[in-house]
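Take a look at the structure set out below.
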Amino acid sequence: MSSRLDVSMPQRVRLPEPEAEAKAATLLQFTDELVAAYIMDHPFTKRLEAGNLPMEAAQAACLDWYGLHRKLAASFARLYHRFIQVCRSHTDIEEEFLERISHELTRPKAGGRTLLLRDSVKALGISEGTLNNPPQGSDLRGFVAFFGRLHSEGTFAEVVAGQLGSAFAPYARLWHEALKNKYGVADPANLYWELNSRLDQEKVGGGALGTRAENAYMIRRVFEEGLTESRYNWSMEYSAEMAVKLWAYMLRGYVRRFKL
Amino acid sequence: MAVSETREQKGLNRKECWKIVNEAFDEALRIAQDRLFDHPFTRELKAGTLPIECIRGWLLNSYAWALEINSSAAYKYYLFNDLLSQKVDLLAMLADKRGDEYATPGRGGHQRTMDVLGKALGLSPKEMQEYHQLPAMRGMLDMIVWGNESSQRLGMSLAEELLGHWCGLWFESLVKHYGLTEADAFYFHLHAEADSQSDHQSGDSIGHEIMGHGQSHRYLAVRILEDGLMEPEEMKQTVLRQAGLDGYLNFLDALYDTYHPTKGISDVEQTRR
């Protein structure tokens, strides 16, 4: 039945696939460049790469990343409900969410990447008690809260833009190498870092962080379907920028705390 | 009544709770004041040597900070309403606070006084509304707002009382050193009065005198202890942890580093040292 009231919203601007794909590539490139400048070139990361990061700093950073990933994975699982109206009209997006949530929570074992990372942290000598009740500095809490709020209040476009995915892969590779060579952590306790080090290469299976292909697909669909709405003082770029910069502030915290 | 039963079970009467809370808040406030008032940003503000760019930067970032925290506080009132309905004194107090914040000194509440301050500093409401906050502010703000929604301590915090005292310094300095009138800087006077004093004169908008915003957190802490929602030591540690002010001092560092015309450093550099 057609409405008698003329209260329809303006038409969404939908871009053709090649243009949408180009925009997705640009946004992913933007995040990659931020990670290169703010994370990969950070003094903390350089010490990790050089293999001379003190054990206490590695323990603290790995424990913090567990605190982040655990919350991020749980928060990501909420997105299906949060964006159910997008999902009901775009079943391809629904399937993408369902697959990624399922991957995140169940692969390669029940509890998914969260429990893999728990094994990594324990292999670095962190006790079960500390893992269950970790100290949480304000940098970590700010980073976690950013994603919590983004997933609760952000628009579809903002959420999709804030996924770190493939940009995280080079950093995960350094951790994988450092744990193996410097700290003697072998698989399966090193599997979290190994899996995430392939996020920029694999097509599927990225879970909450997303592979490059998965994130590119979601961003492309944002532009194709005109789902680009943002909050008043927000933008897709701002989502990506804050995700990386708050991560960098966390690294700065280790530089200060461990006098790196 | 359920509340008094719980109080008897825990064995802490109100007088004992007030003693614990006042000792914890007083100690934490001393520590936090030392850290905040000794920060270069505050020292230069007090001396009138802080560049105006840093002051504008503070306001640009704090505009949405106030907006989001104040709207989040009302959300918290909704979120914990079932619990509050069993503790009607808290329900009344938090309702008063929201009403005051939203309607004093006039329509639009405390937030509109920021527009007046912005105008005096050369910033339009649109500039402040559209500003993209610095990461240090974004992280701190999200931590507070997210905490409001996920913590069981009903938003109990040292911050409002502390910031009340800090606002007094802002008010004096802006009038004395930066050429603002008392009316221009009323935002700070309002908060100095509302946040740091025991009682707060709301005027016609509320129709009755309400508890000071800072004092309300002490009262909240007392009631949390009385009802056994926290142990005294946990309360003390929570307030002392807040006194560290890590998030807020990081924000002041970032303001200084971003906006200072001669001592500023790049965005990347800020995340490294």
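Tabulated data for the structure shown
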item: Criterion violated by B:S196 - all others in (1) more than 23 Å from B:L45 (Cα to Cα); (2) at pLDDT below 90 satisfied; result: (1)
item: Residues (outside any helix (DSSP H, G or I) and more than 9 Å from every other protein chain (Cβ to nearest Cβ)) located in region A:231-259; result: A:R231, A:F258, A:K259
item: Residues satisfying the stated conditions in region B:58-96, i.e. closer than 20 Å to B:L141 by Cα and among the basic types (K, R); result: B:K76
item: B:L12, sole failed condition from (1) at pLDDT 95 or above; (2) outside any helix (DSSP H, G or I); result: (1)
item: Unique match (being at pLDDT below 95 and buried (at least 22 other Cβ atoms within 10 Å of the Cβ)) among B:L154, B:L134; result: B:L154
item: Residue list for region A:215-246, restricted to those being of a type in the set (A, V, I, L, M, F, W, C) and at pLDDT below 95; result: A:W234
item: Index of the failed condition, A:E94 passing every other in (1) under 21 Å from the mean Cα position of the chain (by Cα); (2) outside any helix (DSSP H, G or I); result: (2)
item: Identity of the residue in region B:124-135, assigned to a helix (DSSP H, G or I) and within 7 Å of another protein chain (Cβ to nearest Cβ), that ends up nearest to B:M114 (Cα to Cα); result: B:Q129
item: Test for B:M114: is it outside any loop (DSSP other than H, G, I, E, B) and either within 10 Å of chain A (Cβ to nearest Cβ) or crowded, with 23+ Cβ neighbours inside 10 Å (or both); result: no
item: Number of the exception - A:S102 against (1) touching a residue at least 12 places away in the same chain (Cβ under 8 Å); (2) assigned to a helix (DSSP H, G or I); result: (1)
item: Sole exception among (1) touching a residue at least 40 places away in the same chain (Cβ under 8 Å); (2) under 21 Å from B:G244 (Cα atoms) for B:L163, by number; result: (1)
item: Lone unmet requirement of (1) surrounded by fewer than 21 Cβ atoms within 10 Å (Cβ to Cβ); (2) away from chain B (no Cβ under 14 Å); (3) of a type in the set (D, E); (4) assigned to a helix (DSSP H, G or I) for A:E202; result: (4)
item: Matching entry among A:S138, A:S152 (being within 14 Å of chain B (Cβ to nearest Cβ), touching a residue at least 40 places away in the same chain (Cβ under 8 Å) and either within 29 Å of A:F83 (Cβ to Cβ) or surrounded by 21 or more Cβ atoms within 10 Å (Cβ to Cβ) (or both)); result: A:S152
item: Unmet criterion (only one of (1) in a helix (DSSP H, G or I); (2) at pLDDT 90 or above) for B:G179; result: (1)
item: Residue among B:P51, B:P40 that is within 16 Å of B:A254 (Cβ to Cβ), out of contact with any helix residue (DSSP H, G or I) (no Cβ under 6 Å at 6 or more places or on another chain) and surrounded by fewer than 16 Cβ atoms within 10 Å (Cβ to Cβ); result: B:P40
item: Some residue of region A:13-29 being in a loop (DSSP other than H, G, I, E, B) and at pLDDT below 95; result: yes
item: Among the residues listed as B:G99, B:G48, the single one being of a type outside the set (D, E, K, R), under 18 Å from B:Q215 (Cα atoms), more than 14 Å from every other protein chain (Cβ to nearest Cβ) and touching a residue at least 60 places away in the same chain (Cβ under 8 Å); result: B:G99
item: Region A:30-60, residues that are of a type in the set (G, A, S) and modelled with pLDDT of 95 or more; result: A:A36, A:A37, A:A50, A:A57, A:A58, A:A60
item: Residue identified as within 14 Å of another protein chain (Cβ to nearest Cβ) and farther than 16 Å from B:F251 by Cβ among B:E149, B:E193, B:E161; result: B:E149
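Residues are listed down the side, and each one gets a yes or a no for (1) surrounded by 17 or more Cβ atoms within 10 Å (Cβ to Cβ); (2) within 24 Å of A:W175 (Cβ to Cβ):
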site: A:R14; (1), (2): no, no
site: A:T31; (1), (2): yes, yes
site: A:H42; (1), (2): yes, yes
site: A:F83; (1), (2): yes, no
site: A:E95; (1), (2): no, no
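Listed here are the residues, each with its yes/no results for (1) free of Cβ contacts under 8 Å to residues at least 12 places away in the same chain; (2) among the β-branched types (V, I, T); (3) more than 24 Å from A:M242 (Cα to Cα).
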| residue | (1), (2), (3) |
| --- | --- |
| A:L15 | no, no, yes |
| A:A25 | no, no, no |
| A:I39 | no, yes, no |
| A:E56 | no, no, yes |
| A:K71 | no, no, no |
| A:E94 | no, no, yes |
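The values are calculated or read from the model by the stated rules, or taken from the named source; none is laboratory data. These numbers were taken from a predicted model, which means no experiment stands behind them. Positions of Cβ are backbone-derived with ideal geometry, glycine not excepted, and every protein chain shown enters the neighbour counts.
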